[in-house]
Amino acid sequence: MAEKPTIAIFNVAMIGHVNPTFPLVQELVRRGCNVHYFLPPVKAICAAAKESGAIVESYLPDVPDLVLDQCGIQDLTDDILPEDRELWKRATWPLASTLLCGDYIIQRCRDLRVSAVLYDPMTPHGLLVALKL
């Protein structure tokens, strides 16, 4: 019997981003896929992902309280103008969190033998994994 396909999904912990994916997770599981959903540690969202049939994975297992959208922006300097701070945040955390988590998520997906990667455009982590695998 052939091995079940393993799908990795990468997302942010925002209801409007994850809720539309749950019917897809349910359908993939119904069709025999293993679905591993990489999420930040937000209990309600992780619980909903599990309820849809996914196996919830963390972006970094040794940092249980990792907040992706805070990576790289804790020490914003006064050199950044107030009107540029929001743009700086949106540009910085995806790169900083991907640099922080990249080696782990690539290796984890290799270990899982991931055959397809789905990701929200807010999370470049999935793009990195897809390119590396």
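Things worth noting here:
- Pairs with Cβ under 6 Å, 6+ apart, first in the stretch 117-131 and more than 17 Å from LEU100 (Cβ to Cβ) and at pLDDT 95 or above, second of a type outside the set (Val, Ile, Thr) and in a loop (DSSP other than H, G, I, E, B): none
- Residue satisfying all of: in the stretch 8-32; outside any helix (DSSP H, G or I) and in contact with a Gly (Cβ under 9 Å, 6 or more places away or on another chain); nearest to LEU68 (Cα to Cα) among these: ASN11
- Qualifying residue in the stretch 83-99 (condition: closer than 21 Å to LEU127 by Cα, out of contact with any Cys (no Cβ under 7 Å at 6 or more places or on another chain), open to solvent by less than 80 Å² (accessible area, probe 1.4 Å) and of a type in the set (Ser, Thr, Tyr)): yes
- Odd one out for LEU60 among (1) modelled with pLDDT of 95 or more; (2) within 15 Å of TRP93 (Cβ to Cβ): (1)
- Unique residue being within 12 Å of the chain's Cα centre (by Cα), open to solvent by 50 Å² or more (accessible area, probe 1.4 Å), free of Cβ contacts under 8 Å to residues at least 60 places away in the same chain and closer than 27 Å to LYS132 by Cα when the list is ASP65, ASP69, ASP103: ASP69
The values are calculated or read from the model by the stated rules, or taken from the named source; none is laboratory data. Quantities reported herein were computed from a predicted structural model and do not represent experimental measurements. Here Cβ is always computed from backbone atoms with ideal geometry, including for glycine, and neighbour counts include all displayed protein chains. With ligands, DNA and RNA removed, areas are computed over all heavy atoms of the protein, side chains included. Shrake-Rupley method; radii C 1.70, N 1.55, O 1.52, S 1.80 Å.
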